Amino acid sequence: MKNNPLGKNAWLIIDSLLGMCTAASVLVLIFLMAHTSLYDLDIWLHLKTGEIIVRTHAIPVRDIFSFTVAGKPWIDHSWLFQVIVYALYSRWGADSLIFLQSTVIAGAFFILLLAGLRLARSYLEPSVFVLLAAYASLSRFNIRPEILSLFIFAGYLYILTAYTENKKIWNLVLLQIIWVNLHGYFFLGPLLVLLFLAAEFLRRALRSLPWQWGETSALSDAAYRRFQKLFLVILGAGAINPNGIRGLLYPLLVLKEALAGKTHIFLQHIQELQLTFQTIAYLQNTYFYLLMAGICGVLFAVNIKKVGIRDILLLVWFFIFSQTVRHVAFFAFVAYLFILRYLVPTITGIAFHIRLRASSRAAPYFAARYFLAVFLISIMAVRSHAMLTQRYYDFTANQFKSDLSGINASSYPQGAVDFLLAHRIHGNVFNDFDSGAYMIGRAYPHNRIFIDGRTELYGQAFFKKYLAMLNGNTLLFDKAAQGYRINIVLMSLNNRPLPRILAYLYKNPHWKLVFFDAFGVVFVRDSSSYAPFIENHTIDLKRYRPSQSDPRVLAQQQVYPTACLNRAHLFSLFGEDALAQEECLRALMIMPECAEANFLLGKTYMRKRSYKKAIYYLQKTLKIIPRHPSALAGLGVCFRETGDNKSAENILKKIRMLPSSEVERAIDPEIKERISGLL
């Protein structure tokens, strides 16, 4: 039977059309995934800095926001990003930042898709793995300078792979000049070029590279010389920033601090700097990251004789780089190109073996591709619809809101800052790490902060003292309060565990509780300058009555009872167990299977030595989350206190089987004190 060119072309045309639809649906979904209400903590620092730059026509070179490191040299490597977001926010509000966020992120993956098309010559495979890379990067989808680094990084990868032998590669110089003024990750540009150069150097210097490692992706002599010049020019372009050479050397200074062990404390306590493998329990995108790494490993093993030395260097370096959470997306981008480069030949080989030249033999192959494309388009449509209709409950406004727009007030101590501003309570504020940037954006210059997210500015020694004060070192806190003239304490209630210093302030007659809501709390020092204000606003929790809103409305919508739980944790820390229990019971009316509410009830009953009730609620917690470290530890204490030593020992064995890092980080401090002698 003769070949039918018309039939063959029909198969390919349909495949191409379905592939394009798949690619479009994937990009729409990524756009919606990134189009979420504003919740990033650091954006407020960037907005305030951008405002200052626009108004003064000068970029700050020293800290102006804190009272603890005021005047210390500060390299603001994101000034251009700050000007852009302030210009948008001041004119069009929060939704303009959300649109910028989703457009930049979708644009980065569109560039990746284009790079993948050059490798696959098909839309379907790049679409599948772009989606996988997007889910692996999901935790980085928020409005911060990093998303522009991802966009430019994608551009670098596209140009370096598409124009290796072309003079268009000089476009990278312009990209680098923009990048160095947007974000501190600009060093990844010269690094990428250096890895290309290193691969070519090894290929030429080591004639005995195994198998075909030295034959794949080889550069011509002219391209090799061009890359050498390009590296030097790009490196020099990094000095085209307001800080000149100091700005260029900024990443090296950070690296020096890391190698000297001066950043270890930040890696332990800041989520985005934690080791990626430690976040599996609470960051779902880590599973997609591991999946991509696994696929790369399999493809490397299958194609070990044909893999290129350049691809090996890129993959290994960025896998090492991705061992902290904030760097996962960069590995996902590199892994995506590696997968397409070595998966497509495998698919092509399968197609060859089934003899695609014969239309009858091509039918099963193309039918499978069509089914996969239609299936993916359907999934994308369902997910996109879900995101378009997704809502969250705003406890500050007591109403449901779209998750696609506006400011998510639940992410910030908005009510607490509003309270300070409304009553003109000015002065130095002792704040938690996460609230620093928000306070800068909202309350500067009326209030100056103790700390914010600029870790390189404060340093490890300062951060350790801050943590000690936060965890209840009252002598250190009193000394700092006197030395820095701290008259206000403002803390977010979104962190777990809550700062133990709050318990000290609540019981200290020199500090007065003047405000709290579901997301923030404010104490003011009892001094003559604040006397009238304190007399009118001091809160007596003995007179506190919880909201009378009907929790059944929220229960029907399956809302997580964040507000009730935040207040319950605060009351528990204050030792007001009756109020804590009341909030927990309200939380259980909203969500009966809430592990956090059950655990907190168990903890309060432990404190009262009502061990039977404590055991009941802790066991309920473990039915919901079987490996809940704090519930296990609490149960062990309860069994020991009731004389059930056998059950206590069985529980302690389960705790000892948990990773030591998880036990250290996850067990409630109060319970940890009671169980420390038993482990």
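No value in this document is a laboratory result; all are computed from the given coordinates. All figures in this text were calculated on a predicted structure; none of them were measured in a lab. Every residue, glycine as well, gets a Cβ built from its backbone with ideal geometry; the counts of neighbours run over all protein chains shown.
Here the peptides 536-543, 322-329 are ranked by packing, the mean other Cβ count within 10 Å, and the order with the highest first is 322-329, 536-543.
Principal axis extents of the C-alpha atoms in the range 85-227 (largest first, rounded to whole Å): 59, 34, 24. The separation of the range 88-140 from the range 292-315, counted between C-alpha centres, amounts to 24 Å. By the rule of a C-alpha distance below 18 Å, with chain neighbours fewer than 8 residues away ignored, the aspartates and glutamates paired with K305 are E200, E215. Calculate, in whole percent, how much of the Cα-Cα pair population of the chain lies beyond 40 Å. When all Cα pairs of the chain are counted, 40 percent exceed 40 Å.
Take every pair of alpha-carbon atoms less than 8 Å apart whose residues are at least six positions apart; their mean separation over the length of the range 75-353 yields a relative contact order of 25 percent.
Placing +1 on the Cβ of every Lys and Arg and -1 on the Cβ of every Asp and Glu, with nothing else charged, gives the range 551-675 a dipole about its Cα centre of roughly 360 debye.
The antiparallel fraction among DSSP beta bridges confined to the chain stands at about 65%. Descending by average beta-carbon neighbour count within 10 Å, the peptides 406-412, 607-613 line up as 406-412, 607-613, the highest first. The alpha carbon centroids of the range 413-471 and the range 222-290 are separated by 26 Å.
Annotation for H264 and L372: the two label points, set 7 Å from Cα along the Cα-Cβ direction, are 4.7 nm apart. Once you sort the root eigenvalues of the Cα gyration tensor of the range 217-286 as a ≥ b ≥ c, which label holds: rounded (a/c under 1.5), prolate (a/b larger than b/c) or oblate (the other case)? It is oblate, given that a/c is not under 1.5 and a/b is not larger than b/c. Can you tell me which aspartates and glutamates have their Cα less than 19 Å from the Cα of K653? Leave out same-chain residues fewer than eight positions away. Result set, ordered by chain and number: E641, D644, E662, E664, D668, E673. Charging the Cβ of each Asp and Glu at -1 and of each Lys and Arg at +1, and nothing else, the dipole of the chain about its Cα centre rounds to 1380 debye. Cβ crowding within 10 Å ranks C296, C21, C638 as C21, C296, C638, fewest other Cβ atoms first.
Given a cut-off of 20 Å, name the pairs among K167/K229; K613/K654; K464/K654; K512/K603; K608/K672 whose C-alpha atoms lie farther apart than that in the structure shown. Too far apart for the 20 Å limit: K613/K654; K464/K654; K512/K603. Net charge near M33: determine it from the other residues with C-beta under 14 Å of the C-beta of M33, scoring Lys and Arg +1 and Asp and Glu -1. Net charge around M33: +1. Dividing the convex hull volume of the alpha carbon atoms of the range 1-130 by its residue count gives 150 Å³ per residue.
Here the relative contact order of the range 551-675, from alpha carbon pairs under 8 Å that lie six or more residues apart, stands at 17 percent. Dividing the Cα radius of gyration of the range 595-679 by its Kirkwood radius returns 0.92 for Rg/Rh.
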